[in-house]
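The values are calculated or read from the model by the stated rules, or taken from the named source; none is laboratory data. Nothing here was measured: the structure is a model prediction, and the numbers come from that model. So basically every Cβ, Gly included, is an ideal-geometry build from the backbone, and we count neighbours across all protein chains shown. Accessible surface areas use protein heavy atoms only, side chains included; no ligands, DNA or RNA. Shrake-Rupley method; radii C 1.70, N 1.55, O 1.52, S 1.80 Å.
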Amino acid sequence: MTVAPLVQASPPLASTTAAAGLPPRPLIALEDVTVRFGRGAASVTALAETRLAIARGDFVALVGPSGCGKSTILRLVSGLLPPSSGTVIVAGREVGAEPVRIGMAYQNATLLPWLTVRQNVMLPLKIVEPFRSAWRRKKRGEYRDRAEALLAQVGLKGFGDKYPWQLSGGMQQRTNLCRALIHEPDLLLLDEPFGALDQFTREELWATMQELWMTKRTTVLLVTHDLREAAYLANRICVMSARPGRILEDCAVAFPRPRPMEVVYEPDFVTLTQRLRTLIMGVRSAASL
C-alpha cells in the first residue's frame, strides 16, 4: 500500500456556519487558551497559548512528552478545568454554558465491582438526560437491548451478567468503552485507555475502537503516548511541546479506512511514527537544556 501518510492540516476556527456557504463551526475550539497553576512566583504554566479546532465526527490524537498538557486539554474540553485565559468552546458555546453529552474512558476501567457488566454499561442512562427521565420505563426493555447490542459489537455477547472481577483487563476496557458510548455522546474523551494492556490485547482494542468510530462517527479526542496507536486510530495527530505545552504540529493521517492491523508494518506507517518520535525526542531534548 502506498499512501501519503501525513499532510498538513490546519483547520480554521470557523465563526460562521455552513448555511452561509462557509466552513461549519467546529465542535471543539480552543482559542488562545492558557492554563496556569498557582500564583505569583510559584505559579506553573502547564499550557501555553493554544489554538485547536476539531470538526464534528473527527478523530484527533494528542501526543507529546509527559507533562506537556495533553490531559489538561481533555480536562478543559470536559469542563473539569477552567482556562486561565482564552476561550474553550464546545458545540458552539463556552464550556459550561450548555450541557454537552460527553463519554470518557481512562487507563483504568473504573467499573463498579458490585454491578454486573450490563448494569455498569447502562449506568449513564440512569444519570444523563434525556435518558434518565425514561429510566424506570425502559431499563428492562430498550435500554437493556441497547447495552446488549453494544456488548455484542465489542465481542462481549453473553457476558452481561458477569461481574468486572470475572473479566480480563481487555474485557473490562471493552465494557468501559461501551459505558462511554451508550448514551450517544457528542464527544468521546479517551485518556490512555489501552495503556495498561499487553500489546496483543491493545491491538485488538484498537480494531474495536476503529469499528466503533466508523459505526457511530462520534467526535473523539485521544491522549496517548503510543505513536502507533495514534497513527492507527486517528484522522489527525497533534504533536505537543514540553511544558509549557503548545501544539507544534497538527497533521492529517491519510491512511484509508478500515485500516487492517498489518498497516503498522507498512513503510509509510513506520516512516510516520518515526517522524513523530523524532519530533517528540527533539522537544524533550530542548526542554532539558
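Based on C-alpha pairs under 8 angstrom that are at least 6 apart in sequence, the chain has a relative contact order of 27 percent. Computed extension length for R132-R39: 29.4 nm, one decimal, from 0.36 nm per residue of separation with the Cα-Cα distance subtracted. Between the exposed loop cleavage positions of the chain, defined as trypsin sites (Lys or Arg not before Pro) in a non-H, G, I, E, B DSSP state with at most 12 neighbouring beta-carbon atoms within 10 angstrom, the longest gap is 40-139. Dipole check for the chain: with +1 at the C-beta of Lys and Arg, -1 at the C-beta of Asp and Glu, and the Cα centre as origin, the magnitude is about 900 Debye. Only helical runs count toward this figure. For the chain, summing -39,500 (n - 2.57) over DSSP H runs of n ≥ 4 and dividing by all residues gives -10500 deg cm²/dmol at 222 nm. Shown here for region 147-244: GluC sites (Glu not before Pro) in loop regions (DSSP other than H, G, I, E, B) with at most 12 other Cβ atoms within 10 Å, of which there are none. Ranking A55, Q274, L248 by how far each Cα lies toward the positive end of the dipole of the chain (charges on Cβ) leaves A55 at the top.
Between D186 and Q166, the modelled label-to-label distance comes to 3.8 nm, taking each label 7 Å out from Cα in the direction of the beta carbon.
Relative to the longest principal axis of the Cα atoms of the chain, the long axis of helix 267-288 makes an angle of roughly 60 degrees.
Net charge in the neighbourhood of V44 (other residues with Cβ under 14 Å of its Cβ; Lys, Arg +1, Asp, Glu -1) is +3. Solvent-accessible area per residue in region 41-124 equals 44 Å², computed with a 1.4 angstrom probe and all protein chains kept. Dipole orientation for region 130-289: of the candidates Y163, Y232, P260, Y163 has the Cα lying most toward the positive pole (charges on Cβ; Lys, Arg +1; Asp, Glu -1).
Note on the chain: lysine pairs with Cα distance below 27 Å, sequence gap of 8 or more or different chains, count 14.
If you take the beta carbon distance between R277 and K139 as r and set R0 to 41 Å, what does 1/(1 + (r/R0)^6) give as a FRET efficiency, to the nearest 0.05? The formula returns an efficiency of 0.30 here. The charge dipole of region 20-165, taken about the Cα centre with unit charges on the Cβ atoms of Lys, Arg (+1) and Asp, Glu (-1), comes to about 680 debye, rounded to the nearest 20. For the chain, modelled as a GNM whose springs connect Cα atoms under 10 angstrom apart, the maximal fluctuation among T87, T271, T215 occurs at T215.
Taking Cα atoms only, the orientation of helix 117-127 departs from the longest principal axis of the chain by about 70 degrees. Gaussian network model of the chain, Cα springs within a sub-10 Å range: biggest mean-square fluctuation belongs to which of D32, D198, D58? Looking only at D32, D198, D58, the largest GNM fluctuation is found for D198.
One quarter of the convex hull surface built on the alpha carbon atoms of the chain amounts to 17.3 nm², the projected area averaged over directions. Within the accessible surface of the chain, defined with a 1.4 Å probe on protein heavy atoms only, the carbon and sulfur portion equals 52 percent. Across D226, D145, D186, mean-square fluctuation computed from a Gaussian network of the chain (C-alpha pairs under 10 Å connected) peaks at D145.
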